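Please read the structure below before turning to the comments.
The values are calculated or read from the model by the stated rules, or taken from the named source; none is laboratory data. Because the structure is a prediction, the values reported are computed rather than measured. Every residue, glycine among them, receives a Cβ derived from its backbone with ideal geometry; neighbour counts consider all protein chains shown. SASA here: full protein model, heavy atoms, side chains in, ligands and nucleic acids out. Shrake-Rupley method; radii C 1.70, N 1.55, O 1.52, S 1.80 Å.
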Amino acid sequence: MSFSFAQETSDTTGYENQRQKVNKLLTERSQRFGQFNESLQKRTGIFGLKTKKDMQSSIDILKQIVLTDNDIFQETKALLDYKDFEKSQIAERASEFDGRINGYIRTISKLQREHERMTNEINALEKANHFYQGLVIFFGLVILGAGVFFVMKRQKLTKA
């Protein structure tokens with residue numbers, strides 16, 4: 001079999017690591033979005049107005065969120081690629097197993113036919129053997145009977 005347990009474990013581990021990456025990025029995004037909401041509330045200017053620095057901070061956080069979103073999309077695509085790869089491997093293994101099973105079925109059928117043929121041949125040989133045994137016993141009895149007949153006839157001739 002071309003697929004080993006170590007490879008299966010490696011694929012599962014790779015998939016799990018990829019899933020954890022995506023979850024970590026989602027957590028990061030959530031945290032950055034919280035930072036963005038906080039930065040929107042900041043008003044450090046005169047009379048409680050937003051300053052250019054406040055707005056730039058919000059824009060920088062928003063840029064980080066967009067970059068994190070891009071990373072999430074890339075890592076999610078890699079995660080989906082893992083799933084597609086797993087599906088194709090499973091389909092390939094299923095096809096391989098189907099081929100093996102069909103081969104085993106053909107071999108078993110062939111062996112069953114050969115067994116049946118040999119059983120019939122054995123039965124025919126046993127019948128022939130019984131016939132020949134019967135003939136041997138019959139001729140043995142005929143010869144024994146003829147021998148007894150001749151011995152008795154000789155004794156009658158010698159007595160008379």
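Looking at the structure I just gave you, is Phe73 assigned to a helix (DSSP H, G or I), of a type in the set (Phe, Trp, Tyr) and open to solvent by 50 Å² or more (accessible area, probe 1.4 Å)? In short, yes.
Taking the stated definitions as given, is Glu114 charged (D, E, K, R) and either in contact with an Asp or Glu (Cβ under 8 Å, 6 or more places away or on another chain) or farther than 16 Å from Arg19 by Cα (or both)? Here the answer is yes, as Glu114 does meet what is asked. Limited to the stretch 23-68, what total is found for residues that are in contact with a helix residue (DSSP H, G or I) (Cβ under 7 Å, 6 or more places away or on another chain), of a type in the set (Lys, Arg) and within 30 Å of Leu80 (Cβ to Cβ)? Result for the stretch 23-68: 2. Here the stretch 76-99 is the region considered, the condition is being hydroxyl-bearing (Ser, Thr, Tyr) and in contact with a helix residue (DSSP H, G or I) (Cβ under 7 Å, 6 or more places away or on another chain), and the residue that is most open to solvent (accessible area, probe 1.4 Å) is Tyr82. With respect to (1) farther than 30 Å from Thr12 by Cα; (2) at pLDDT below 95, the lone exception for Lys110 is condition (2).
Just a yes or no: is a residue in the stretch 115-124 under 30 Å from Tyr15 (Cβ atoms), surrounded by 10 or more Cβ atoms within 10 Å (Cβ to Cβ) and modelled with pLDDT of 95 or more? No; the residues of the stretch 115-124 include none that is under 30 Å from Tyr15 (Cβ atoms), surrounded by 10 or more Cβ atoms within 10 Å (Cβ to Cβ) and modelled with pLDDT of 95 or more. Here Gln64 meets the list (1) open to solvent by less than 60 Å² (accessible area, probe 1.4 Å); (2) modelled with pLDDT of 90 or more almost entirely, failing just condition (1).
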